[in-house]
Structure formats: C-alpha cells, structure tokens
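Here is the structure we will look at, set down as structure tokens.
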Amino acid sequence: MMRRYRIAVLCAIVLLGAVLRLWGIGERDILGDEATYAFRSIGYLDYLGTSFQTQPVDWYATGDLPSWTRLSFHDHPPLTFFLNHIFFRLFGDSLFVARLPAALWGLLAVIFAYPLVWRPVRGVLDETSAETAALFAAGLLAIMNPSVGISRVALMESAALALALLALYMFLFFLERAGLWWAFGVALGAALLAKYTTIFLVPTAFIFAVCVRRSVFRDWRLYAAFALALVVFSPVIIYNIELYRARGHFDLQFAYAFGQATPEWQGLLGKVQAPFRDIGKNLPAYYGLPSLALAGIGAAMFFARRVLRQSSAAIFLGSYVVFSTLLLLVIGSAARFLTLYAFPFVAFGGLALAWLWEQRRYRFAFRVLVVGLLLFEFTRTVRINFFEGEDYGIAALDRYLTRELQGTRSAAIPESTNRHLNDVIQTFAARIPKTLEPQKTLVIYNDNVALGTLEWIFYRRFFYHAIPTLYVENFLDVIQTKGSNYFKGFTVYFIASTPATELNPFKTGTRAADTFEADLLRDHVAVAASIKTRAGAEAFRVYKFQG
C-alpha cells in the first residue's frame with residue numbers, strides 16, 4: 001500500500017511539472033539562441049543568415065556540400081537539433097512545437113531525479129526516509145524556477161540536464177549490475193551529443209568509482225561503456241576532424257576552448273556571457289534565496305551526520321558539485337548554465353525537507369513549514385514564468401501572420417542564390433498541400449530587428465513556407481532592376497519596427513525602412529494591424545496593400 005501511495009505521489013508530481021512546463025509555452029516571445037536553434041531545427045539546416053558567423057552551407061555555396069557537414073553543426077552537437085527536427089516534421093512549425101521537446105526533457109529530468117536521489121541514500125537512511133527525500137527532490141525539481149524556466153524555452157539545457165541525470169543513474173546501476181554497461185555508455189554518449197557541457201560527468205563518474213568501487217577499473221565493461229559513448233559521440237568527432245582539415249580549426253565551441261583562430265566567426269555569437277565572478281549575484285537571482293538556503297541547510301545536515309558524510313552518497317553529490325563548478329569557471333555563470341546545479345540543490349533540499357517532514361516533536365509546525373516552503377517556490381515559479389519576462393511582440397506578430405496566411409500557399413516560390421539553400425526552399429515547398437489556395441504573398445521587413453526575430457518570423461517563412469520575404473533595401477533593389485510592376489498582383493505585408501522592437505544593435509542607424517514607411521503613409525496606405533506587447537507598447541506596425 002505504501003509503495004502504491006508513493007507511486008501515486010510521484011505521478012502527481014510529474015503531472016504538476018507537466019502543467020508548469022506545457023501551459024502557455026506557445027504564447028511567449030522567442031528570443032536569442034532559442035529562435036536560432038528552432039529555426040535551424042525545422043530543416044536540420046546549419047544556417048544563421050549572418051555574415052558574422054558563417055557555416056559550411058556558405059563556404060560551399062557554389063559546389064557540392066560535403067557529406068560530413070550533415071553530421072553536426074558548426075557551433076553545437078546535433079542531437080537536440082535532430083530530435084527537434086523530428087517534432088517539427090510530425091507536428092508542424094509553431095512556437096508550441098519548438099518548445100515541446102524541452103518541456104518533455106524537463107519532465108524526464110523530474111522522473112530521473114527520484115531514483116537518482118533514492119539509490120545513493122537508501123543504504124544510509126531507512127527505506128521510508130530515503131523515498132521521502134527522493135520524492136521531495138523530484139517535487140522540488142518539478143516546481144523550481146530554474147528547471148521549469150529552462151524547460152519552457154527551446155534551448156539545449158533541458159535535454160542536457162535530463163540526459164546527465166540518466167547517465168549518472170545508469171552509471172550507479174552499472175556499478176551494481178555490470179551487465180548494463182551498454183546503457184551507461186549510450187546515455188553518456190547521448191548527453192555529450194546533446195551539449196558539450198555534460199563533459200563534467202566523466203570526472204564525476206571517475207572520482208566516484210575511485211572512491212567507492214575501485215575494482216570496477218579491472219572490469220572490461222567499464223572501458224567498453226566509455227568506448228560505446230565515443231561511438232555515440234562519433235558524428236561530432238568525425239565532423240571536427242573534417243572541419244579541421246577543411247578550415248584549420250574545430251567547431252565554434254572547441255575552437256573557443258582551445259583558443260583557435262576562426263576568421264569565419266568574427267562575431268562569435270553566443271560567447272558573450274556572465275563571467276564566473278558574477279555567480280554571487282546570478283545564483284540567488286536564478287534560484288532564489290529560500291531555495292539556496294534550503295539546499296545549504298540540507299547540505300550542512302548531510303555532511304554533519306557522520307553516517308552520511310562517510311557514505312557513497314556524499315562522494316557522489318560532492319563530485320557532482322565540484323566538477324560542475326569547475327566547468328562553470330570556464331563557461332561562466334549565465335543563468336542557463338547554472339541549471340547544472342539543479343540536481344544537487346534539489347537533492348540536498350529534498351533531504352532537508354524529508355528531515356523536517358519526519359520530525360515527531362512539533363510535527364504539525366514542521367509540516368506547515370514544509371508546505372509553506374513548497375508553496376513559496378511554486379508561486380515564485382508561476383510569477384516568473386507566467387507573469388514576467390521580456391515581451392517584444394514577436395509571438396503576437398507570429399500569430400498575426402499565421403492567421404493572415406492560414407489556408408493559403410505561396411503561388412510564387414522564392415529562390416536563393418545559394419544552391420543548397422535553394423534546394424531547402426524547393427524541398428519544403430513540395431511538401432505544402434496543393435489543395436491550399438494559391439496566393440501571391442510578399443513580406444517586406446526592416447532588417448534592423450534582432451537576429452532571432454529575423455530567423456523565426458522572416459527566414460522561417462522564406463525557407464520553409466516558400467513565401468517571398470525581403471528586407472526593404474532588397475525590395476527596392478528588385479523594383480529598380482525588374483520594374484515597378486514586378487510584384488503586381490501580390491498581397492504585400494510591410495512589417496515596420498518601432499522603438500519597442502528588439503533591435504539589432506549593429507543596425508540601429510538604418511533609415512531605408514523609415515523612408516519606405518513614410519512613402520506608404522504619403523500614398524494613404526493605412527496601418528492594417530498594430531502588434532502590441534503585453535504592456536500595451538506598439539512593437540510592430542503592419543501595412544497591407546496590393547502590389
């Protein structure tokens with residue numbers, strides 16, 4: 001009966017975690033790397049559309065694209081791109097689908113957290129206390145802002161955390177049942193294939209084995225597991241070997257780590273981040289002081305008790321914290337990277353909550369305190385993820401264009417001067433149902449908007465929806481070359497940015513779009529839609545007219 005009760009509690013925790021991760025994920029703006037990852041995942045296409053950070057599709061624009069370029073991406077390993085690509089193929093490209101894989105990875109992390117806390121502490125705590133601590137740990141991970149927030153955006157950290165927990169659990173399982181060496185190898189390789197930052201798992205596992213099960217180093221299956229992990233990771237290895245042969249450096253992340261010269265990546269997008277020295281302010285802002293205090297109390301209680309301090313659980317959690325911290329020293333303390341701490345924090349927090357919950361003296365008061373702490377964490381997460389956050393009207397503009405173009409297909413298929421990008425356009429155009437109403441549509445935009453907006457709103461429709469989209473200067477060049485009647489019969493949408501738009505800081509001085517908008521107003525073209533932020537600021541103005 002007690003076992004079924006705990007399973008029911010775990011199911012309730014997962015259900016609550018699902019609500020927090022899935023509710024309204026298609027309503028919030030898509031920003032920065034999130035838009036970049038989603039755009040590239042749709043076509044499994046390593047292309048950014050910027051001259052500051054080019055890709056193989058740019059380098060081999062006039063020739064054949066080498067087969068090795070499909071094995072990975074120039075700046076990240078391929079697993080999340082590939083899995084997200086499958087979701088887009090199955091369910092279409094929308095903000096909800098873009099974030100759905102991350103939400104599901106987040107739920108898997110909640111599920112994995114339960115056995116990963118229970119297994120190390122069950123030998124030093126009684127069964128009931130171990131399971132209670134594991135349930136509280138899973139509950140904290142289900143409602144804690146860092147784990148919920150990272151599961152509601154289309155970034156790689158959610159997959160990395162889930163696969164890291166799976167790899168660690170499979171490693172612990174392997175130490176008990178050596179026959180499952182292959183599961184550990186696959187999980188470790190998959191974690192590395194999701195995000196390079198999971199490399200800290202290797203020294204964590206090594207130190208744990210040295211301290212707890214040194215005999216495993218005489219078992220061939222340990223080395224077979226690591227060899228299998230390399231096999232799983234081999235697409236990245238092959239990609240980097242071939243990239244080095246072709247360009248003289250590795251991919252962006254490895255080149256950055258080894259200090260290699262990368263003339264193709266002058267912008268080094270994604271490398272501007274909070275240094276580790278800012279962790280003192282970033283950690284409390286991300287996790288919240290109550291959560292940090294709870295984890296600190298749990299850790300203090302853990303290491304103060306001799307039976308726990310000398311246990312394998314202490315070595316396991318301590319190694320995790322030490323090596324993830326060493327990693328942060330290199331990559332910085334940006335909020336998304338601090339997600340690595342989520343597991344040890346909820347593990348220590350779960351132990352603290354279990355201790356409070358099981359107190360016999362002042363039992364009612366302690367349980368009220370536990371419930372209060374959980375409610376505080378829950379409400380903080382809801383406030384941050386549902387009522388706060390940046391809003392530049394990007395999601396609202398996306399919904400507007402989707403409604404406007406619903407039920408239609410482009411009667412004029414755009415072309416790219418890059419043969420490989422042109423193949424992408426033709427491939428996706430062929431997938432559009434012929435039963436949809438053909439319509440000549442042209443979207444014109446001011447390219448002073450941020451790269452993420454360019455990619456999700458405009459490049460996505462150009463490459464994957466086969467809708468001609470041109471920035472203002474490009475449109476004017478076409479008119480000058482082809483004549484003013486070239487777009488006759490087209491339904492034209494001009495998207496004008498405003499001071500409330502998220503802008504590209506390198507293009508704030510462009511004025512062609514302002515002049516174009518003034519010409520439209522002089523010709524009495526009215527604003528068809530005003531796209532507003534949640535605060536009511538006008539983020540975009542949409543003009544609709546016939547060409």
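Taken together, the values in this text are just the output of simple stated rules run on the coordinates, not laboratory data. What you see is a predicted model, and the numbers here were worked out from it, not measured in a lab. Every residue, glycine as well, gets a Cβ built from its backbone with ideal geometry; the counts of neighbours run over all protein chains shown.
Counting only the Cα atoms, segment 162-249 fills a convex hull of 93 Å³ per residue.
What the Cα atoms of segment 365-415 give is an Rg and a Dmax of 21.9, 70 Å.
Taking amide H as placed 1.01 Å from N in the peptide plane, Tyr445 has its amide H under 5 Å from the amide H of Leu470, Tyr471, Val472, Ile495, each at least 5 places away in sequence or on another chain. Rounded to the nearest 20 debye, the dipole size of segment 394-546 about its Cα centre is 440 debye, using +1 on the Cβ of Lys and Arg and -1 on the Cβ of Asp and Glu. Volume per residue for segment 322-439 equals 243 cubic angstrom (convex hull of Cα atoms).
Modelled spin labels at Ala518 and Arg177, positioned 7 Å past Cα toward Cβ, are 7.4 nm from each other. Computed over the alpha-carbon atoms, segment 1-91 gives an Rg to Rh ratio of 1.20, Rh here being the Kirkwood radius from the mean inverse distance.
Based on DSSP H segments of at least four residues, each scored -39500 (n - 2.57), the chain has a per-residue ellipticity at 222 nm of -18500 deg cm²/dmol. Which residues in segment 488-516 place their backbone N less than 12 Å from a point set 7 Å from the Cα of Ser530 along the Cα-to-Cβ direction? Once the point is set 7 Å along Cα→Cβ of Ser530, nothing inside segment 488-516 turns out to lie under 12 Å by backbone N.
Going by Cα centres, segment 155-189 and segment 500-530 are how many Å apart? Taking the Cα centre of each part, segment 155-189 and segment 500-530 sit 52 Å apart. Taken over segment 26-146, the convex hull of the Cα atoms encloses 152 Å³ per residue. Extents of segment 417-466, largest first, come to 35, 25, 16 Å (Cα atoms, principal axes, whole angstrom). Each Cα pair of segment 428-547 feeds into the Kirkwood radius, which the Stokes-Einstein equation turns, at 25 °C and 0.890 mPa s, into a diffusion coefficient of 160 µm²/s. D by Stokes-Einstein for the chain, Kirkwood Rh over Cα pairs, 25 °C, 0.890 mPa s: 96 µm²/s. For the listed residue pairs Lys482/Lys507; Lys195/Lys434; Lys434/Lys532; Lys195/Lys532; Lys482/Lys532; Lys434/Lys488, the alpha carbons are over 30 angstrom apart in Lys195/Lys434; Lys434/Lys532; Lys195/Lys532; Lys482/Lys532. Semi-axes of the equivalent ellipsoid for segment 446-500, computed as √(5λ) from the eigenvalues of its C-alpha gyration tensor and ordered from largest down, come to 21, 14, 10 Å.
Working value for segment 365-512: equivalent-ellipsoid semi-axes of 41, 20, 13 Å, each the square root of 5 times a Cα gyration tensor eigenvalue, largest first. Annotation for Glu27 and Ala257: the two label points, set 7 Å from Cα along the Cα-Cβ direction, are 4.0 nm apart.
Fewest Cβ neighbours within 10 Å first, please rank Ile432, Ile13 accordingly. With the sparsest Cβ surroundings first, the list reads Ile432, Ile13.
Computed across segment 136-291, the Kirkwood radius stands at 18.0 Å (inverse of mean 1/r, all Cα pairs).
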